[in-house]
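I have placed the structure first, in the form of structure tokens, so that the comments after it can refer back to it.
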Amino acid sequence: MPRHTEVLPRLLQQVTANGALAVQMPATYHAPVHGLMRDLAKDPAWRDRLRPATRAVLVEKPPFYYDLFSQLVSRLDIWETEYIHALDQHEGIVDWMRGTGLRPYLEALASDDQRTRFESLLLDEIRRVYPRQRDGRVLFPFRRLFFIAYR
């Protein structure tokens with residue numbers, strides 16, 4: 001969701017007195033997999049098409065939301081949690097990302113062939129960056145940002 005500085009305060013205005021706005025968002029923009037996608041997007045073959053996708057993930061760091069809400073609410077709780085997903089294989093990371101941060105990249109590419117090629121290159125890089133554990137599984141950390149703004 002873009003325009004957090006406009007949309008979130010507007011949502012807060014819809015909350016009744018003594019109510020709360022509770023929000024959770026992926027906070028994975030600085031995760032290795034996002035860096036890999038941004039690096040792949042620099043390839044001249046699709047750089048121009050993917051430039052907007054590199055800016056599509058719009059979640060800010062906690063201080064941004066503190067500053068956005070602190071003067072508007074009676075209390076504000078902000079925290080981050082990192083979930084560790086134990087996946088059977090590296091392809092599981094690509095599958096997970098298809099529903100989140102990878103979506104803007106795939107939607108921006110012109111053909112199924114380009115999308116397949118991008119995913120294949122991403123998978124190669126994921127295999128390099130995310131090691132297998134002793135049992136063969138791959139750990140995929142996924143950070144979430146939460147806040148509750150109380151009126």
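The values are calculated or read from the model by the stated rules, or taken from the named source; none is laboratory data. Not measured: the values here are computed from a predicted model. Note that we place each Cβ from the backbone using ideal geometry, even for glycine, and neighbour counts take in every protein chain shown.
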Exercise for review: For Val94, indicate whether it is over 30 Å from Leu21 (Cα atoms), surrounded by fewer than 16 Cβ atoms within 10 Å (Cβ to Cβ) and β-branched (Val, Ile, Thr).
Suggested key: no
Exercise for review: Read through the list (1) buried (at least 17 other Cβ atoms within 10 Å of the Cβ); (2) modelled with pLDDT under 95; (3) not in a strand (DSSP E or B), then give the number of the only condition that Leu68 fails.
Suggested key: (2)
Practice item. Might you let me know whether the range 130-144 holds any residue that is among the β-branched types (Val, Ile, Thr), assigned to a helix (DSSP H, G or I) and at pLDDT 95 or above? Key: no
**Study point:** Scope the range 123-135; condition over 14 Å from Gly35 (Cβ atoms) and either touching a residue at least 12 places away in the same chain (Cβ under 8 Å) or among the charged types (D, E, K, R) (or both); matching residues
**Key:** Leu123, Asp124, Arg127, Arg132, Gln133, Arg134, Asp135
Revision key, fill the gap. Residue hits (the range 71-95; acidic (Asp, Glu) and in a loop (DSSP other than H, G, I, E, B)) are Asp88
Practice item. Working only within the range 91-117, note down all residues that are under 22 Å from Val138 (Cα atoms) and touching a Leu at 6+ places or on another chain (Cβ under 6 Å). Key: Val94
Check your understanding: What are the pairs, 6+ residues apart or on separate chains, where a residue within the range 81-93 that is over 24 Å from Phe146 (Cβ atoms) has its Cβ under 8 Å from a residue that is charged (D, E, K, R) and surrounded by 11 or more Cβ atoms within 10 Å (Cβ to Cβ)?
Key -> Asp88/Arg137; His90/Arg127
